[in-house]
Amino acid sequence: MPKGPDDANLVERYLREDDESALRDLFERHMGPIHAFLSRFTGSPQDADDLAQETFMRAWRHLRSFDPGRGFRTWLYGIARHAAIDFLRKRRNVPFSAFEDDEGGNALIERIEDGADLPDEILERKDAAESLHKTLALLSVSYREVIVLRHGSELSFQEIAEALGEPLNTVKSRYRRAFFALKKLLTGG
């Protein structure tokens, strides 16, 4: 739980009193988790830098439309999600070279070559987290977002439903399908 005033009080202070420090405190409180979400969602910490900035700019521009009954964190994740989806739509045509890392390796080729790895072999590898991250990128955007929001950002299913603007049961169902799709990709089955 954050120290100091809650999010709704900070929003109210900024809107009512034009208190810049309240806005700064609010954004600083959420910058790390939002950046981490965007980094996992896009697969790129560099893109997450720009998207986090875009998220907070959108939040600032639309702060008067914030509904305190909904929860600021949920509202902000919704904005971040939309910013990331807009970005990913624009980035659809990705050149093959975009999959190359600094050492000249190609993540796409490596993924194809490693396709037969078993889950226990993947977990035993030193870079299990990186492998999981790459595999997450293979999921559809709708599947990836529920996995990342649930496990990466530790949102409840209710908070995810609110952030996505979808019914709770839809989110739970999508999470189950996403989990099984991820398991299938990891096991090669």
inquiry  = 7 Å from Cα along Cα→Cβ at both Asp86 and Gln53: what's the point-to-point distance in nm?
reply    = 1.5 nm
Label point distance in nm, Ser140-Glu28, each placed 7 Å from Cα along Cα→Cβ = 4.2 nm
note = Probe 1.4 Å, all chains present, heavy atoms only: Thr187 accessible area in Å², nearest 10, is 50 Å²
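The values are calculated or read from the model by the stated rules, or taken from the named source; none is laboratory data. What you see is a predicted model; the values in this text were computed from it and never measured. With ideal geometry, Cβ positions are generated from the backbone for all residues, glycine too; neighbour counts draw on all protein chains shown. All accessible areas refer to the heavy atoms of the entire protein, side chains included, with ligands and DNA or RNA removed. Shrake-Rupley method; radii C 1.70, N 1.55, O 1.52, S 1.80 Å.
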